[in-house]
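Notes for the one structure printed next.
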Ligand code: M6R
């Protein structure tokens, strides 16, 4: 039931702190500074010898795969490829035998993801599912996996499943990292940081009222740009997808610095750019990308954890998010973007939970 919320999407956005707690629960091994997974069905020795990981999925799940790539490569030092399941199923990439394949999926029923995993399994690779729906087709087909425990997601736009996928990928990264190069101390620190995420997401949700006002301002725009770098490049893609699917406004997500290779031609007074610019290693770089958009008269909505006067000067709207380490930022910074798409869709009179032309799970090719 809606429990007092107007839509499932809004309810699910607000359920994220709880969903994240559920995804973390029972999975932290503080004594050994690592994570625990019951269903991988592979021994630590087998997992230790993995030397490539393929992450595959569709839509929003493909975005969390991108976050997973940044995480696993940085902290576990394992080479990762991210593949659209619809492409992977018909490709024939050369893969060594010690490659494992993760299918990422909320529903566990996405036809392309299922087919891609089956094809990889047929080739003799271990396949694992990172899935929300217990007993779903993909969960049953995979050799093992991890459940998200996000609870039922009913709104067509994926929200709590996405952030749960990201936190589970962070936990998997901790686990794989601790099998390899990550020290006990570094593992412990990651655990402490991961534990703080649900509260940070709770805090991020307090921007709701402000985001509603921003949405009212831009509800008639016909184009949006979403720009972020590194861990927040996937956030930009995800923000743009959320806006497209439920408010029917064209939006493009880009790595912020790619903008000057083409999309900057779209910038004008009618095209808002959403910058995801929390404090971190690429802050100054994203700032200069933001200056470029400002210089061309594009209105800016900045999502940041930083108290920087320059941002306030050049951005029309500044939405504050709490500070978390970079590897966890995608989970926090996506929250205002989910809310922005929700409020814009609502203001435009769109059917938020059941957008046109879309189904909750895509069980056809
Ligand atoms: O159930 P899945 O995670 O496999 O679904 C994949 C995509 O169809 C899904 O994420 C889709 O992009 C959502 N509507 C995005 O909000």
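Computed quantities for the displayed model
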{"quantity": "Which listed residue, of 311, 319, is farther than 14 Å from residue 211 by Cα and in contact with a strand residue (DSSP E or B) (Cβ under 6 Å, 6 or more places away or on another chain)", "calculated": "311"}
{"quantity": "Flag for residue 144 being touching a strand residue (DSSP E or B) at 6+ places or on another chain (Cβ under 7 Å), modelled with pLDDT of 95 or more, closer than 20 Å to residue 25 by Cβ and surrounded by fewer than 20 Cβ atoms within 10 Å (Cβ to Cβ)", "calculated": "yes"}
{"quantity": "Helices (runs of 4 or more DSSP H) wholly inside the stretch 273-365 that include at least 3 residues being in contact with a helix residue (DSSP H, G or I) (Cβ under 6 Å, 6 or more places away or on another chain)", "calculated": "283-295, 329-347"}
{"quantity": "Matching entry among 66, 20, 72 (being more than 16 Å from the ligand (Cβ to nearest atom), in contact with a strand residue (DSSP E or B) (Cβ under 6 Å, 6 or more places away or on another chain) and in a helix (DSSP H, G or I))", "calculated": "72"}
{"quantity": "Any hit, the stretch 112-121, residues being under 28 Å from residue 188 (Cα atoms), surrounded by fewer than 24 Cβ atoms within 10 Å (Cβ to Cβ) and touching a residue at least 24 places away in the same chain (Cβ under 8 Å)", "calculated": "no"}
{"quantity": "Filter result for residue 87 (closer than 30 Å to residue 247 by Cα and either more than 20 Å from the chain's Cα centre (by Cα) or more than 9 Å from the ligand (Cβ to nearest atom) (or both))", "calculated": "yes"}
{"quantity": "Checklist (1) under 27 Å from residue 355 (Cα atoms); (2) more than 16 Å from the ligand (Cβ to nearest atom) applied to residue 176, failing item", "calculated": "(1)"}
{"quantity": "Filtered residues of the stretch 215-251 (kept if part of a helix (DSSP H, G or I), surrounded by fewer than 24 Cβ atoms within 10 Å (Cβ to Cβ) and in contact (Cβ under 8 Å) with a residue 60 or more places away in the chain)", "calculated": "215, 216, 217, 218, 230, 237, 241, 245"}
{"quantity": "Members of the stretch 30-45 found to be assigned to a loop (DSSP other than H, G, I, E, B) and within 27 Å of the chain's Cα centre (by Cα), listed by number", "calculated": "30, 33, 36, 37, 38, 39, 40, 41, 42"}
{"quantity": "Answer residue from the stretch 285-316, given it is under 23 Å from the mean Cα position of the chain (by Cα) and surrounded by fewer than 18 Cβ atoms within 10 Å (Cβ to Cβ) and is farthest from residue 166 (Cα to Cα) among those", "calculated": "285"}
{"quantity": "Residue that is farthest from the ligand (Cβ to nearest atom) [pool: residues in the stretch 48-63 that are out of contact with any helix residue (DSSP H, G or I) (no Cβ under 6 Å at 6 or more places or on another chain) and part of a helix (DSSP H, G or I)]", "calculated": "62"}
{"quantity": "Answer residue from the stretch 75-99, given it is in contact with a helix residue (DSSP H, G or I) (Cβ under 8 Å, 6 or more places away or on another chain) and part of a strand (DSSP E or B) and is nearest to residue 228 (Cα to Cα) among those", "calculated": "82"}
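Results for (1) outside any helix (DSSP H, G or I); (2) within 14 Å of the ligand (Cβ to nearest atom), shown as yes or no for each residue.
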| residue | (1), (2) |
| --- | --- |
| 116 | no, yes |
| 151 | yes, no |
| 158 | yes, yes |
| 166 | no, yes |
| 181 | yes, no |
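The values are calculated or read from the model by the stated rules, or taken from the named source; none is laboratory data. Here the structure is a predicted model, which is why all the values come from computation and not from measurement. Because the Cβ atoms are built from the backbone with ideal geometry, glycine has one as well, and the counts that use them run over all protein chains shown.
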